[in-house]
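> Starting off with a structure, shown below.
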Protein chains: 2
Amino acid sequence: VRYFEDFSVGDVYRLATVPVDRAEMVAFARRFDPQPFHVDEQLATESSFGELIASGWFTGSLFMRMYVDELLTDAASHGSPGVEELRWLKPVRAGDELSGTVTVLDVWPSSKRADRGTVLCRSELINQDGETVMSLVSRGMFGRRPTGDAAGRRPTG
Amino acid sequence: VRYFEDFSVGDVYRLATVPVDRAEMVAFARRFDPQPFHVDEQLATESSFGELIASGWFTGSLFMRMYVDELLTDAASHGSPGVEELRWLKPVRAGDELSGTVTVLDVWPSSKRADRGTVLCRSELINQDGETVMSLVSRGMFGRRPTGDAAGRRPTG
């Protein structure tokens, strides 16, 4: 199990490459972000993007899955209080292959809850051409490693 | 059509209420955020949240749809460069009823592209108990209202 103590400033995690599936990308946009350039090939061609592109929330959700697969499986995750900054830098298109990195910027124990701490990370998603398509700085809450001390095992807050 | 010029600092848009569907919430999490407290009722009960809660990306995506329905339908939207701050403040649960507001914080014409401008908004999602469950400050790009001048009608960049 990966605990708060297992994260150190400067650590870099590499995210596995995932393809952007056209059908899923469009289905997501139809439900959550039905703007013409996200859902309609023809209208997208006439838009300022000139082509069909992914909803930024789809790209963010794909990132989340990559992040879960690399960092959160078997981690003592207590969720996230939020994102400091999210940038959609380049269009993401069907057929793109996204990979990425997560770099630990800072770590600090919670002042309110002795059983957990915050890990601040900067993440980047990169396409097959080496372009950074999305970046974000986000916070994750992780449980602290239990010690022999009973107080360390049980949540206090 | 809603153009850049149609947004003014202090404008408040009210988002229509939407229910959080359990099946959709869990299906989303299985695909994009398969942490125990998002996908498994029993494991969620044993987690620090004590109950099954929505992935923050699902809540964000629901917000996006509410935002599209209220503001972007028939708007000259050119997408978004990003989010300045995103906060998941309270758990979102199946059966919750979310509504919200979008307040215009600032507007400025693009210095690079004469055909568009940026609208900075602070948005809040509120549940049926009046709790703010999510907030975000985001930027949207909108086309400027065409004038009789030909240069105003055509994108310049």
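The values are calculated or read from the model by the stated rules, or taken from the named source; none is laboratory data. Just so we're clear, the structure is a prediction, and the values are computed from it rather than from any experiment. Note that we place each Cβ from the backbone using ideal geometry, even for glycine, and neighbour counts take in every protein chain shown. The protein model used for the area step is the full one, side chains on, heavy atoms only, and it has no ligands, DNA or RNA in it. Shrake-Rupley method; radii C 1.70, N 1.55, O 1.52, S 1.80 Å.
> When the residues of region B:86-132 are filtered to those that are under 28 Å from residue B:45 (Cα atoms) and β-branched (Val, Ile, Thr), which remaining residue is farthest from the other protein chains (Cβ to nearest Cβ)?
The selected residue is B:126.
> All but one of (1) within 14 Å of chain A (Cβ to nearest Cβ); (2) in contact with a Leu (Cβ under 9 Å, 6 or more places away or on another chain); (3) not hydroxyl-bearing (Ser, Thr, Tyr) hold for residue B:28; state the number of the condition that does not hold.
Here residue B:28 clears every test but (2).
> Being more than 24 Å from residue B:65 (Cβ to Cβ), assigned to a loop (DSSP other than H, G, I, E, B) and open to solvent by less than 70 Å² (accessible area, probe 1.4 Å) is the filter here, so list the residues in region B:1-48 that pass it.
From region B:1-48, those more than 24 Å from residue B:65 (Cβ to Cβ) are B:5, B:8-10, B:36, B:40-48; that's our starting set.
Restricting the remaining residues to those that are assigned to a loop (DSSP other than H, G, I, E, B) gives B:8-10, B:40, B:47-48.
Result: B:8, B:10, B:40, B:47, B:48.
> For residue B:83, are the conditions met, namely being touching a residue at least 24 places away in the same chain (Cβ under 8 Å), of a type in the set (Val, Ile, Thr), more than 9 Å from every other protein chain (Cβ to nearest Cβ) and in contact with a Ser or Thr (Cβ under 9 Å, 6 or more places away or on another chain)?
Working: touching a residue at least 24 places away in the same chain (Cβ under 8 Å): yes; of a type in the set (Val, Ile, Thr): yes; more than 9 Å from every other protein chain (Cβ to nearest Cβ): no; in contact with a Ser or Thr (Cβ under 9 Å, 6 or more places away or on another chain): yes.
Criteria not met by residue B:83.
> Kindly provide the set of residues from region B:88-141 that are in a loop (DSSP other than H, G, I, E, B) and of a type in the set (Ser, Thr, Tyr), ordered by number.
First, pick out the residues of region B:88-141 that are in a loop (DSSP other than H, G, I, E, B): B:89-96, B:110-115, B:127-131.
Listed by number, the residues that qualify are B:110, B:111.
> Scan region B:72-92 and give yes if some residue there is at pLDDT 95 or above, more than 26 Å from residue A:52 (Cα to Cα) and aromatic (Phe, Trp, Tyr), otherwise no.
Yes, some residue in region B:72-92 is at pLDDT 95 or above, more than 26 Å from residue A:52 (Cα to Cα) and aromatic (Phe, Trp, Tyr).
> I'd like the full set of residues that are among the charged types (D, E, K, R) and within 7 Å of chain A (Cβ to nearest Cβ), limited to region B:47-80. Quick ask: steps written out before the conclusion?
As a first pass, look at region B:47-80 and keep what is among the charged types (D, E, K, R): B:51, B:65, B:69-70, B:74.
Matches in region B:47-80: B:65 only.
> Report, by residue number, each residue of region A:107-122 that is within 17 Å of the chain's Cα centre (by Cα) and either farther than 19 Å from residue B:84 by Cα or surrounded by 22 or more Cβ atoms within 10 Å (Cβ to Cβ) (or both).
Filtering region A:107-122 down to residues within 17 Å of the chain's Cα centre (by Cα) leaves A:118-122.
Once the filter is applied, which keeps residues that are within 17 Å of the chain's Cα centre (by Cα) and either farther than 19 Å from residue B:84 by Cα or surrounded by 22 or more Cβ atoms within 10 Å (Cβ to Cβ) (or both), region A:107-122 yields A:118, A:119, A:121.
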